[in-house]
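Structure first, commentary second.
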Amino acid sequence: MSKIIPSSSLGGKTTANARVGVLGLQGDFAEHLSTLRRIGADAIDVRRPEQLDDIDALIIPGGESTTIGKLAARYEIIPKLRERVREGMPVWGTCAGAIFLAKDVPGHPHPLAAVMDIAVERNAFGRQVDSFEADLDVKGMSGEPYHAVFIRAPKITKAAKDVETLATLDDGSVVAARQGKLLATSFHPELTRDDRFHRLFLSLGKR
Ligand code: GLN
């Protein structure tokens, strides 16, 4: 990617010194950590509630939302995470992470953070299209369409008034949304080389 993207800042810090946590209980947290490090953020793997006090933003990775929910409850991450969200910490969930953030997930068997006013349907694209890729026009993102990878992806089916849709598929399915400093994407920006979504997330801290 040859485009020059202006460096973003987070809570007065530049991307280079913002400390960004990635919930490392299950899923593809390592890929998020390496993307963050590549763009100059100080990225740490978060597994204990007290680590949430040491970060400026948090990413919940893709993986399996039932497992992430179960482990987050077991390690007592959820109350502290809710407190940090109330304090305005930016949090981004990708795929299973988006499910973890949603307040309304029909039939989900395990505890979730439930901090974002969206409803999501798990595995919403059916068996035949377990995985697919799509080029998205993303609100607020310049340059060519964003090439997104979907793996047993959820769909955002309902959202409160203050939730902004950032991207939809051609059939109108909402696959990226923002509510204040909370970001949810159905797809996996950590699995591609395009780091524009990570930069967009880091820029939320200064708005
Ligand atoms: N289908 C998974 C779930 O419900 C999410 C898949 C993913 O993160 N790639 O948790």
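Check Ile39, Ile59 and return the single one that is touching a Phe, Trp or Tyr at 6+ places or on another chain (Cβ under 9 Å) and under 14 Å from Arg199 (Cα atoms).
Ile59
Would you mind stating whether Val22 is in contact (Cβ under 8 Å) with a residue 40 or more places away in the chain and closer than 22 Å to Gln179 by Cα?
Details: in contact (Cβ under 8 Å) with a residue 40 or more places away in the chain: no; closer than 22 Å to Gln179 by Cα: yes.
No.
Give the stretch 93-111 a look and list any residue that's near the ligand (Cβ under 10 Å from one of its atoms) and within 14 Å of the chain's Cα centre (by Cα), or say none.
Within the stretch 93-111, Gly93, Thr94, Cys95, Ala96, Gly97, Ala98, Ile99, Phe100 meet the criteria.
From Gly143, Gly126, Gly172, grab the single residue that is over 16 Å from the mean Cα position of the chain (by Cα) and within 18 Å of Ala96 (Cα to Cα).
It is Gly126.
Anything in the stretch 151-167 that is surrounded by fewer than 17 Cβ atoms within 10 Å (Cβ to Cβ), away from the ligand (no atom under 16 Å from the Cβ) and touching a residue at least 24 places away in the same chain (Cβ under 8 Å)? List them, or say none.
Selection gives Lys158, Ala160, Asp162, Glu164, Thr165.
Name the residue that is farthest from the ligand (Cβ to nearest atom), counting only residues in the stretch 23-82 that are assigned to a strand (DSSP E or B) and surrounded by fewer than 20 Cβ atoms within 10 Å (Cβ to Cβ).
Initial filter on the stretch 23-82 (assigned to a strand (DSSP E or B)): 23, 42-46, 57-60.
Now restrict to residues that are surrounded by fewer than 20 Cβ atoms within 10 Å (Cβ to Cβ): 42, 44-45.
Numbers: Asp42: 25, Ile44: 21, Asp45: 18 Å.
That would be Asp42.
Bear in mind that the values in this text are calculations on the coordinates, not laboratory data. Values in this document were obtained by computation on a predicted structure and should not be read as measured data. Cβ coordinates were reconstructed from backbone atoms using ideal geometry, including for glycine residues, and neighbour counts include every protein chain displayed.
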